[in-house]
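What follows is a set of notes on a single structure, which appears directly below.
The values are calculated or read from the model by the stated rules, or taken from the named source; none is laboratory data. Just so it is clear, the structure is predicted and the values come from calculations on it, not from any experiment. Every residue, glycine as well, gets a Cβ built from its backbone with ideal geometry; the counts of neighbours run over all protein chains shown. For accessibility, only protein heavy atoms count, side chains too; no ligands or nucleic acids. Shrake-Rupley method; radii C 1.70, N 1.55, O 1.52, S 1.80 Å.
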Amino acid sequence: MAAQFFTPHSMQRMSQRNVTAADIDFVCRYGREYHAAGATFFFLGERDIPAAFRHSAEGLIGVTVVFIGERLATVYRNREAVRRIKRKPRHFLSTSKEARS
């Protein structure tokens with residue numbers, strides 16, 4: 001993954017959560033993809049891991065990778081993240097003052 005894909009925030013979160021670029025690549029390759037709130041979410045559940053990688057990728061269960069456009073926005077761990085992702089609106093709704101009036 002090229003450096004231009006990472007935002008400073010995502011690099012900070014990766015460091016805090018001990019997630020490497022290789023881990024992100026694995027989650028994006030084998031995880032489930034969801035589109036919500038103007039972002040693309042990749043979630044890696046236990047069933048998503050191929051049998052050949054079960055033992056080595058066990059620590060990645062619940063990792064969620066969030067892209068906005070082509071940039072990595074953030075990374076977090078939550079084994080039940082799919083529930084929250086599915087409840088998000090499909091697109092961001094504007095919350096500016098002009099939109100409310």
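Quick notes on this structure:
- Rolled with a 1.4 Å probe across the full set of protein chains, the surface gives residue 68 an accessible area near 90 Å².
- Percent accessible area from carbon and sulfur atoms, segment 21-85, protein chains only, probe 1.4 Å: 49 percent
- Charged side chains reduced to their Cβ positions (Lys and Arg at +1, Asp and Glu at -1) give segment 1-51 a dipole of some 100 debye around its Cα centre.
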